[in-house]
Each structure stands twice: as structure tokens, then as C-alpha cells.
Amino acid sequence: MLEGLQNAAKIADLRRRLFFTFGLLAVYRAGVAIPTPGIDGKALAAFFQQASNTVFGLVNLFSGGALERFSIFALGIMPYISASIILQLLTVVVPALERLSKEGELGRRKITQYTRYGTVGLSLLQGFFISVGLEQIQAPSGSSVVFHPGWGFRLLTMITLSSGTAFIMWLGEQITERGVGNGISLIIFAGIVSSIPSAVTTTTEFVREGELSILVLLLILVAMVGIVAAVIFMERGYRRIPVQYAKRVVGRKVYGGQSSHLPLKINTSGVIPPIFASSVLIFPATIASFADHPWAQAVAGSLAPGSVVYTFTYVLLIIFFCYFYTAVVFDPADVADNMKKYGGFIPGIRPGQRTAEYIDRVLSRVTLSGAIYIALICVLPTLLIGSFNVPFYFGGTALLIVVGVALDTIAQIETQILMRNYEGFMKGGRLRGRRG
């Protein structure tokens, strides 16, 4: 890898792209420290120490702590992610969007434009509800965390947060176009990784105070390395279905007759299932926590992260969304039709409907393995914190995002290096990203 970094530094274009990417990520992290006007920062920080189990805690994770400080980037990139997911789901349901998605580059640009409009709309909506919710929060002293509640604060917050999200979206697009890697993913990656220094500091304090022994810490570090290796292995895992192409004679030339394979990714849905599952579970708990009725408090307690009901429901929802999202993004009938159109067939399987049924059956089994793997990774933080008193959050959606983005970025850097006739970034062989 060190030799790969040296080769990357020798390429002027790649070096410029890397500096451009790091520069825009630095701009993003600087913006996280700029507070939104009208908020008592100390009172809000005290609230977030108890709000990790609410929807605010989830948004704060993906915003890299910006919501906790209530900075101009408080919403982070979550509205863009939500708008992208909604557009992707609507593409399957709405025929006009489905036709648009098949029109090549022009159609993708149009869908991207719709996604931007949806991002701004969601940002304004979320900014309004967050501003109203902040007006209801009481500081430990009994005063509101908002200095001057009212419509002036709400409108200012909506404009500030939506502008911050639009700027982050622009930064991500600029990184994708002129830098290295996927800009939106790298911004989420930077937000998650930014919590590592505080986790190291907290762990050091736990060891000094005797709350965490050195032996247990070493065992945890070894387990973390093993888990990261397992995640990398699973993220690069495929089930290959052999495909044979029949020979075709066109004039005096013979085409086809080659053997290939259809790769079915173990984790086709990526990090979408845990995000959806967390959102579905956190919203009822957050709403119930604002009510004083006994049954509402009982619901909030049963759906608190770490409880048996929460963990069991969380796992079931992850498995459900894995199958649901895989069915949305991968159509076995469409794949079978394309194979038949170009003379491809699976040995021993009749082309057409039989091929679609076979692919669907194999995909269902592969998706089950991927769903169980994602569920185990997402339940891991609860086990570590509850059983070993680990003072930091390791695993879950954050780990999947960090490993996946790192693999994609390294794969793109390696591609840039190989295009200039250098050795690959990793000596052990070509590194493939999540898209293969």
C-alpha cells in the first residue's frame, strides 16, 4: 500500500484530485463548527447526552456531530439520501420515471435534478419540525434552549439548515466530478470518522479509571480487526452463476461461444436496510417519549436500543428491507430477457421464464445470507456496550458505511494508477469496490 501511495503521488492529475477532495472535506468539517443563530449550545449539548435513542441521535450520527452543535450543517446529507431513496423507489412504481431512468445520461440528469428539488423540500420540512422540537426542549436550568422562540426563529432555522444541506450536496457533487470517489459517501465517511478521536480519549479515561481492563481492551481491539476483515470479505462476496453464450454467424464472422458468469452480490442492498429499520423503530420511541401517558412511556421503554423487543424487531426489519430493496433494484425477469436476447443461457436451465425463476431462487438464498450478516453487524454495538462496557460505538450502519466507502475509494484510486501503467494500489491483486 505504501508503494501504491508513492505511485499515486507521482501522477499529477491524481495528486490534484486527491488534494481537491481533502480540501472540500476540510471545508465541510469547518462548516460543522459554525453554529446556527438563536441556540444555547451548552443546553443543547446536555440534551444530546440523553438523546442517543431518538431520531435526533440518528441524524447526529450521519451529520458528524453537526446536529449536536446545531451548526449550519446540522441536517447533514440525510435529506439528500432520503430524496434519493424515494426517487429510486418511485422509479419502480411510476412508469414515467421508469422510462426516464432508461434514457441514458439525459434521463439520469433529470432524475438527479428531481432529487435536488426533493432534497431542498425535505430540508425545509425537517428544519421546521426540528425548530419546533427545539422550542420544546428545556435546559437543565429550566429555560428553553432557544433564546427567542417563535416564527422568526423557525424561518431562520429552515433557511439556514436547507442552505447548509444544499451546500453539502454541492460539495459532494464537486468531489464526485473533480475529485476521487463518491462525494456524498465521502462526506458521510468524514462525519463518522470524525468521532474516532473522542472515542480514543474516552477509552483512555476508562482504562485510567479502572472501568476497562487492559486485557479486555486488547481482546476488543483484536475482535475489531477481525470484524472489519469479515465485513470486507462479505462486502466483496459474490455468488457467480455460470452463463454460456451460443455461437452466432453473421455473414462470414462468428460471434459468441464464450463462457461468462452473472455475479450476485451477497449484500445487494448495502446500508439501506439498517437505515430504514432504525428510522421505523426510532420514530415511535421518539414520539412516545414526548407524551406523559403511562402506555406511551412503556412503548418508549420497550423500543429503547438494547432491549429485547427492540433488538428482535430490528433484526426482523433488516431482513425484510434487505429482501424489499433487493427486489426493487434487481429484476430477475429483466436479466433473463437480456440474456436470452444476446444468446446467453445458464447450463442446464431453459432460457426465459425458467432462467428467471432460477436466478430468483438463487438470489433469495444469497439475500438471506446477506441479511443475516447485516443484522449481526448492526446488533454488534449493543452486545459490545452491554457485555463488555465498551465506551464507544463500534459496528452497525457506521461500520458498513466506513468499510464500503473505503473499498470504493481505494478501488477508484487503483483504477487511476493502473491507467497510467503503474502497479496496483494493493500488491495482493486487484481490489474491487462494492459495485464489482
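Just a few scattered comments:
- Residues within region 201-216 that are in a helix (DSSP H, G or I) and modelled with pLDDT under 80, tallied: 5
Results for (1) crowded, with 19+ Cβ neighbours inside 10 Å; (2) more than 16 Å from A327 (Cα to Cα); (3) at pLDDT 80 or above; (4) of a type in the set (D, E), shown as yes or no for each residue.
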{"site": "L264", "(1), (2), (3), (4)": "yes, no, yes, no"}
{"site": "N267", "(1), (2), (3), (4)": "yes, no, yes, no"}
{"site": "I282", "(1), (2), (3), (4)": "yes, yes, no, no"}
{"site": "T286", "(1), (2), (3), (4)": "yes, yes, no, no"}
{"site": "F290", "(1), (2), (3), (4)": "no, yes, no, no"}
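- Residue satisfying all of: in region 1-55; over 24 Å from the mean Cα position of the chain (by Cα), small (G, A, S) and more than 30 Å from G150 (Cβ to Cβ); modelled with the lowest pLDDT among these: G4
- R109 meets all of the listed conditions (1) at pLDDT 80 or above; (2) buried (at least 21 other Cβ atoms within 10 Å of the Cβ); (3) not hydroxyl-bearing (S, T, Y) but one, namely (2).
- Tabulated pairs, region 366-384, first hydroxyl-bearing (S, T, Y), second in a helix (DSSP H, G or I) and surrounded by fewer than 22 Cβ atoms within 10 Å (Cβ to Cβ), C-beta under 8 angstrom, 6+ apart or interchain: T367/Y323; Y373/M234; T382/T311
- Any hit, region 225-233, residues being touching a residue at least 24 places away in the same chain (Cβ under 8 Å), aromatic (F, W, Y) and assigned to a helix (DSSP H, G or I): no
The values are calculated or read from the model by the stated rules, or taken from the named source; none is laboratory data. Predicted model only: the values in this text are computed from it and were never measured. As a convention, Cβ positions derive from the backbone with ideal geometry for all residues, glycine included, and neighbour counts pool all protein chains shown.
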